[in-house]
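The values are calculated or read from the model by the stated rules, or taken from the named source; none is laboratory data. As the structure is a prediction and not an experimental result, all values here were calculated from the model. Cβ sites come from the backbone with ideal geometry, for glycine too, and all protein chains shown count toward neighbours. These area figures cover heavy atoms from the full protein model, side chains too; ligands, DNA and RNA do not enter into them. Shrake-Rupley method; radii C 1.70, N 1.55, O 1.52, S 1.80 Å.
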Amino acid sequence: MKKKVTEVVAALIWEGDRFLICQRPAHKARGLLWEFAGGKVEPGETKEQALIRECGEELAILLSVGTVFMEVDHDYPDLNVHLTLFNAAILEGAPQMLEHNDIRWITRSEIPQYEFCPADVTILSKLLRE
């Protein structure tokens, strides 16, 4: 049986030459792996609305969502995701750890020091090339 595709959105948020990454809680699927801020798109939401809501809930920040940086399809054992990564900026607030195990601002050169969710690997290689 083919798993249904879960629409997921994420934010590429820059502060100077560093971007924001979040570490998943230990008890969740892919626990303690790093990822971009974001989450699932709920029924009736646009991708932009979902991203603003998720970042509000998880990080207590208000986002301004820009253009799409990249889209990725990834097949996990438990779900199929279609991930849309948006360029985004923080309009107000400073990221808080409401959900995550940890949050960090890293430079492109620090990417190899972190273990990311498999769906993000393609995105990270694009970031490294740019």
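Descriptive notes on the structure:
- Expressed per residue, the C-alpha convex hull volume of region 44-89 stands at 91 Å³.
- In order along region 103-118, phi translates into HN-Hα couplings of 9, 9, 9, 10, 8, 3, 5, 8, 3, x, 7, 10, 9, 9, 4, x Hz, rounded to whole numbers, per the Karplus curve 6.51 cos²θ - 1.76 cosθ + 1.60 with θ = phi - 60° and x for Gly and Pro.
- Dipole in debye (nearest 20) - the chain, about Cα centre, beta carbon charges: Lys, Arg +1; Asp, Glu -1: 300
- Surrounding net charge for S64, when Lys and Arg each add one and Asp and Glu each subtract one, Cβ distance under 13 Å: -2
- Selection from T107, L127, L59 lying farthest towards where the dipole of the chain points positive, charges on Cβ: L127
- Solvent exposure of the chain amounts to 53 Å² per residue of accessible area, where only protein heavy atoms count and the probe is 1.4 Å.
- Phi to ³J(HN,Hα) by Karplus 6.51 cos²θ - 1.76 cosθ + 1.60 over region 55-63, Hz, x for Gly, Pro: 5, x, 5, 8, 10, 6, 10, 9, 9
- Using 0.36 nm per residue and subtracting the Cα-Cα separation, the extra length available between W105 and Y76 on full extension is 7.8 nm.
- For L79, the solvent-accessible surface computed with a 1.4 Å probe is close to 30 Å², ligands and nucleic acids excluded.
- Potential extension, T67-A89 segment - 0.36 nm per residue separation minus Cα distance: 6.8 nm
- Peptide packing for 16-24, 34-42 was compared via the average number of neighbouring C-beta atoms within 10 Å per residue; ordered from the highest value, the list is 34-42, 16-24.
- The HN-Hα couplings worked out from phi for region 79-93 by the Karplus form 6.51 cos²θ - 1.76 cosθ + 1.60 (θ = phi - 60°) are 6, 9, 10, 10, 9, 10, 9, 9, 5, 8, 9, 7, 7, 8, x Hz, whole numbers, x standing for Gly and Pro.
- Using only alpha-carbon positions in region 39-130, the gyration tensor eigenvalues give semi-axes of 21, 18, 14 Å once each is multiplied by 5 and square-rooted (largest first).
- Ordering of 113-124, 48-59 by burial proxy (mean other Cβ atoms within 10 Å per residue, highest first): 48-59, 113-124
- Per-atom-type breakdown for the chain gives carbon and sulfur 52% of the accessible area (1.4 Å probe, protein chains only).
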